[in-house]
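Notes follow once the structure below has been shown.
The values are calculated or read from the model by the stated rules, or taken from the named source; none is laboratory data. A quick note: this is a predicted structure, and the numbers were derived from the prediction, not measured. So basically every Cβ, Gly included, is an ideal-geometry build from the backbone, and we count neighbours across all protein chains shown.
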């Protein structure tokens with residue numbers, strides 16, 4: 001299994017999903033070797049970790065169209081900056097090269113690669129070993145950009161992974177449709193395996209407890225995610241402004257960082273709402289737990305969300321959620337309010353309703369928690385094993 005990150009050294013949901021699935025496979029007694037590009041102190045019960053150590057193995061991939069160039073975006077001030085960072089594409093290609101040597105030394109029956117960052121490594125391992133490849137897609141370039149100004153390098157790496165894989169796993173039917181439509185991959189090649197919930201009690205460290213914010217009688221509405229186009233933080237802020245024009249006892253808490261952060265902070269500041277819409281930056285571990293524990297409502301207004309694990313975690317903690325209709329997690333949650341990401345008026349109405357009517361809030365919380373807890377990684381692992389068996393008739 002090739003992955004790019006693994007908790008606690010992860011920047012988002014990709015690492016969480018990799019950990020959940022790999023551990024569930026190991027718990028079933030499967031022999032899992034998890035390959036990461038660089039050495040980090042991670043551990044898992046029954047999982048063998050291998051590190052490609054790409055730091056000293058940089059390369060430039062020469063394909064039919066020549067070396068991959070650096071890709072830039074132009075900021076509003078006219079400066080040009082690399083879209084993913086000058087080193088990221090280089091690291092991805094180095095991982096691909098290192099996988100050739102690793103595949104010669106390791107014993108395995110099937111290759112499972114997570115997202116475009118690892119697809120190249122998976123392809124290399126398949127070419128060296130002849131073993132079947134499963135390409136697991138958690139988020140596409142189409143999701144990240146909304147189909148606007150996509151990064152062609154990343155798109156081509158994704159497309160190559162889909163085409164050269166023996167099977168593609170999508171985290172939702174929503175994502176499966178995207179892979180079919182935007183990448184031209186046959187429906188028969190794609191299987192859907194929904195993400196799961198890792199039992200993780202929300203026990204907040206008292207030193208970091210944010211409950212004091214509620215002592216003034218305020219309700220807390222939470223946004224948690226990257227501050228990027230894909231996650232829709234601008235729509236969340238637009239709805240927050242409308243809610244605050246009607247209700248004064250609500251605090252909107254924004255957890256996360258990203259390329260839109262400065263613009264959003266300026267927007268809130270200019271509106272004179274910095275005391276009511278607060279940015280707390282990127283949080284992980286106990287700090288994130290405290291923010292989630294303090295929330296009365298979680299809103300996920302994503303423009304395009306392949307799945308969305310955090311709503312499951314919030315429901316497990318007893319916090320009702322509002323989710324974008326443009327998300328995969330809605331396929332497994334019946335008791336969650338849904339809204340089109342662009343419908344700020346309806347988002348405003350739903351926020352006010354969820355905070356104003358205790359019976360609605362409790363129903364969303366109680367039934368939603370039951371649905372979230374039914375979505376386990378063991379179920380996801382069982383589906384993956386069935387896929388492996390379909391690729392290897394002798395697999396037992």
Legend entry - Segments classed as strands (runs of 3 or more DSSP E), wholly inside segment 59-147, with at least 1 members that are modelled with pLDDT of 90 or more and touching a strand residue (DSSP E or B) at 6+ places or on another chain (Cβ under 8 Å): 111-114, 133-137
Legend entry - Of all residues making up segment 106-120, the number that are over 18 Å from residue 141 (Cβ atoms) and in contact with a helix residue (DSSP H, G or I) (Cβ under 7 Å, 6 or more places away or on another chain): 2
Inset, instruction - Can you confirm whether segment 331-340 contains a residue that is assigned to a loop (DSSP other than H, G, I, E, B), over 27 Å from residue 198 (Cα atoms) and touching a strand residue (DSSP E or B) at 6+ places or on another chain (Cβ under 9 Å)? - result: yes
Inset, instruction - Go through segment 281-298 and count every residue that is surrounded by fewer than 16 Cβ atoms within 10 Å (Cβ to Cβ) and in contact with a strand residue (DSSP E or B) (Cβ under 6 Å, 6 or more places away or on another chain). - result: 0
Legend entry - Index of the failed condition, residue 299 passing every other in (1) in a helix (DSSP H, G or I); (2) in contact (Cβ under 8 Å) with a residue 12 or more places away in the chain: (1)
Legend entry - Looking only at segment 152-166, and only at residues there that are surrounded by 19 or more Cβ atoms within 10 Å (Cβ to Cβ) and in contact with a helix residue (DSSP H, G or I) (Cβ under 7 Å, 6 or more places away or on another chain), the one that is nearest to residue 229 (Cα to Cα): 154
Inset, instruction - Would you check if there is a residue in segment 154-164 being modelled with pLDDT of 95 or more, at negative phi, touching a strand residue (DSSP E or B) at 6+ places or on another chain (Cβ under 7 Å) and not in a helix (DSSP H, G or I)? - result: no
Legend entry - Matching option when the condition is under 19 Å from the mean Cα position of the chain (by Cα) and closer than 19 Å to residue 225 by Cβ, among 368, 330: 330
Inset, instruction - Out of the residues in segment 221-252 that are in a strand (DSSP E or B) and surrounded by 22 or more Cβ atoms within 10 Å (Cβ to Cβ), state the one that is farthest from the chain's Cα centre (by Cα). - result: 251
